[in-house]
Every structure is written in structure tokens, then in C-alpha cells.
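The values are calculated or read from the model by the stated rules, or taken from the named source; none is laboratory data. Just so it is clear, the structure is predicted and the values come from calculations on it, not from any experiment. All Cβ positions, even for glycine, are placed from backbone atoms using ideal geometry, and neighbour counts span all protein chains on display. When the accessible area is computed, the model is the full protein with side chains, heavy atoms only, and any ligands, DNA or RNA have been set aside. Shrake-Rupley method; radii C 1.70, N 1.55, O 1.52, S 1.80 Å.
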Amino acid sequence: MADFLLLVLHDRDEAEQLARDLRGAGWTPCAVHKDLLAGEDDAEDADWVVEVTAAPDGTPAHGRRAELEALVERHDGFVTD
């Protein structure tokens, strides 16, 4: 299992806003990355990923995965490790 969770969203603005909201709530590091799927031809179809390692209380993000899944589902996204 990876030390982090990836919150995958389709829209860059939504990913950046989610990262700001999570950082403001104490989640870390909340870095936003562009994710090209293997074999993807069109860079415009890339997903946006928010990397989260720790919850606000310092525990691993994996322990609160269900909370993050509920959050990204509102944006038609998903969580992976």
C-alpha cells in the first residue's frame, strides 16, 4: 500500500479548489498533478490528481479514505492509491 492516496478528478479547477479546501482543513500535502493515463493520446483528456498523505490529526489518509471518497464523489471523481 502506498503512503498516500490520490484523489482523481476530471477538472483542473475543481482539483485545485479541492486541494485548497483540504489544505485549509489541515490535510497534507495536497499537491495537484496532471495524470495522463497510459496510452492516452490527448493531453486535454488528462485527469487531475490531488495527492494526500496525512489527515488533519496527523494520521495516515488511508484511515479516512471513506471520508475522502465521499468528498470526491461530489465531483464525479474517485480515490486510488
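A few points about this structure:
- Å² per residue, accessible surface of the chain at 1.4 Å: 60 Å²
- Largest first and in whole Å, the equivalent-ellipsoid semi-axes of the chain read 21, 13, 11, each the square root of five times a Cα gyration tensor eigenvalue.
- Sorted peptide list for 18-24, 46-52, criterion being average Cβ within 10 angstrom, highest first: 46-52, 18-24
- You can think of it this way: the chain between residue 59 and residue 78 has 4.8 nm of extra reach, that is 0.36 nm per residue less the Cα-Cα gap.
- Sequence of 62, 33 from largest to smallest accessible area, 1.4 Å probe: 33, 62
- Share of carbon and sulfur in the accessible area of the chain stands at 47%, probe radius 1.4 Å.
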